[in-house]
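Worksheet: the structure to be examined is printed underneath.
The values are calculated or read from the model by the stated rules, or taken from the named source; none is laboratory data. Note that the coordinates shown come from a computational prediction; the quantities given were computed from them, not determined experimentally. Every residue, glycine as well, gets a Cβ built from its backbone with ideal geometry; the counts of neighbours run over all protein chains shown. Note: accessible area is taken over every heavy atom of the protein model, side chains too, but ligands, DNA and RNA are not part of it. Shrake-Rupley method; radii C 1.70, N 1.55, O 1.52, S 1.80 Å.
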Amino acid sequence: MPDPSAAKRKPLISGNWKMHHNHFEAIQVVQKLAYLLGSDDFKEVDVSVHPPFTDIRSVQTTLFDQKRSEIAVGAQNCHFEDKGAFTGEVSPAFLPKLDVQYVIVGHSERRELFGETDEMVNQKVKAVIKHGMTPIMCCGETLEEREAGGADEKVTGQVRAGLAGLKAEQVGAMVIAYEPIWAIGTGKTATADDAEAMCRLIRETVEGVAGEEAAAAIRIQYGGSVKPANVKELMAQPDIDGALVGGASLDPEEFAKLVQYRLLEA
Ligand code: 13P
């Protein structure tokens, strides 16, 4: 196992807006965020925002106008096919044209509410990479699975299935987000120790699948009720390389505090 403290992984803080903010609101939010974050922040941390699809063009042009802010544009999902008769779906081929750099894949809400399987998640990860973007592949267990002692098995199974058939260097360049389902939108955060233990296990699983180098390079985010009050402790963990933030990313001032977690009181 590579020594994680030896690795230099730049943290990635991502805001998943889910189905919030229309495109007028989105413009205001990213304008404010671009104003609050400066070049010093981007030296330390990568930042992405993941608005609804209908906002992405507006967010792209707003960020371009804001002195080409280094805030990266992200998507929340995409289909795995490039084109075809898939009513209502969005092709991964369309997204790089909108400067999308990161795509969330296999969020638990997509898995639980929209029937996404491990196999579909794997196909989507491959499609995102094929189009030159970075997947943020989500995994996480339900409360029942955790209480029954099945959390490790669920998460490692999702990770192995999601990475199937990828080259080691592709795995090393991607992002995995560990989001325990019971911590999403509930105000209950995993303790920093529990989050670290699972992120460590994910890194060990990646090592088993893709080798030491990929395991040392891959960025692993924690997600689930991340707020200014808990972000610093989470980010201090050796195997946590960022955060995937829902509720607290909707308000630009709150989200800027998360990006600037180093400046928060412990
Ligand atoms: P909350 O931060 O609102 O708990 O959401 C987490 C999440 O699902 C991010 O993808």
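In region 193-225, what residues are open to solvent by less than 10 Å² (accessible area, probe 1.4 Å) and within 20 Å of residue 13 (Cβ to Cβ)?
195, 198, 199, 202, 203, 218, 220, 221, 222, 223, 224, listed by residue number.
Collect the residues in region 257-266 that are in a helix (DSSP H, G or I) and more than 21 Å from residue 179 (Cα to Cα), keeping them in residue-number order.
Correct list: 262, 263.
Select, from 170, 158, the only residue that is away from the ligand (no atom under 13 Å from the Cβ), farther than 11 Å from residue 222 by Cβ and surrounded by fewer than 20 Cβ atoms within 10 Å (Cβ to Cβ).
Result of the check over 170, 158: 170.
State the number of residues belonging to region 113-143 that are more than 17 Å from the chain's Cα centre (by Cα) and among the polar types (S, T, N, Q).
Matching residues across region 113-143 total 3.
Being on the phi > 0 side of the Ramachandran plot and within 16 Å of the ligand (Cβ to nearest atom) is true for just one of 165, 140, 115. Which residue is that?
Only one candidate qualifies: 140.
Specify the residue that is farthest from the ligand (Cβ to nearest atom); the eligible residues are those in region 89-109 that are touching a strand residue (DSSP E or B) at 6+ places or on another chain (Cβ under 8 Å) and assigned to a helix (DSSP H, G or I).
Initial filter on region 89-109 (touching a strand residue (DSSP E or B) at 6+ places or on another chain (Cβ under 8 Å)): 90, 92, 95, 98-108.
In the following step, the residues that additionally are assigned to a helix (DSSP H, G or I) were identified as 98, 108.
Values: 98: 20, 108: 7 Å.
The selected residue is 98.
The conditions are (1) open to solvent by less than 30 Å² (accessible area, probe 1.4 Å); (2) modelled with pLDDT of 95 or more; (3) assigned to a loop (DSSP other than H, G, I, E, B), and residue 190 fails exactly one of them. Which is it?
All conditions are met except number (2).
Tell me yes or no: at least one residue of region 179-186 is at pLDDT below 95 and open to solvent by less than 10 Å² (accessible area, probe 1.4 Å).
There is at least one residue in region 179-186 that is at pLDDT below 95 and open to solvent by less than 10 Å² (accessible area, probe 1.4 Å).
List the residue pairs whose Cβ atoms are under 8 Å apart, where the first residue sits in region 176-201 and is of a type in the set (Phe, Trp, Tyr), the second is open to solvent by 40 Å² or more (accessible area, probe 1.4 Å) and within 15 Å of the ligand (Cβ to nearest atom), and the two are 6 or more positions apart or on different chains.
Close Cβ pairs satisfying both conditions: 182/143; 182/188.
One line per residue, one yes/no per condition, for (1) closer than 18 Å to residue 107 by Cβ; (2) under 15 Å from the mean Cα position of the chain (by Cα); (3) within 16 Å of the ligand (Cβ to nearest atom); (4) assigned to a strand (DSSP E or B):
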position	(1), (2), (3), (4)
205	no, no, no, no
215	no, no, no, no
220	yes, yes, yes, yes
233	no, no, yes, no
248	yes, yes, yes, no
254	no, no, yes, no
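Test residue 61 against the stated conditions and say whether it is within 25 Å of residue 254 (Cα to Cα), of a type in the set (S, T, N, Q) and either without any contact (Cβ under 8 Å) to a residue 12 or more places away in the chain or in contact with a His (Cβ under 6 Å, 6 or more places away or on another chain) (or both).
Yes.
So which of 238, 228 is outside any helix (DSSP H, G or I) and farther than 22 Å from residue 197 by Cβ?
It is 228.
Take residue 241 and decide whether it is closer than 26 Å to residue 71 by Cβ, touching a Leu at 6+ places or on another chain (Cβ under 7 Å) and either open to solvent by 70 Å² or more (accessible area, probe 1.4 Å) or away from the ligand (no atom under 15 Å from the Cβ) (or both). Steps first, answer last, please.
Details: closer than 26 Å to residue 71 by Cβ: yes; touching a Leu at 6+ places or on another chain (Cβ under 7 Å): yes; either open to solvent by 70 Å² or more (accessible area, probe 1.4 Å) or away from the ligand (no atom under 15 Å from the Cβ) (or both): yes.
So residue 241 fits the description; yes.
State the number of residues belonging to region 64-88 that are open to solvent by less than 10 Å² (accessible area, probe 1.4 Å) and either modelled with pLDDT under 95 or assigned to a helix (DSSP H, G or I) (or both).
Selection size over region 64-88: 0.
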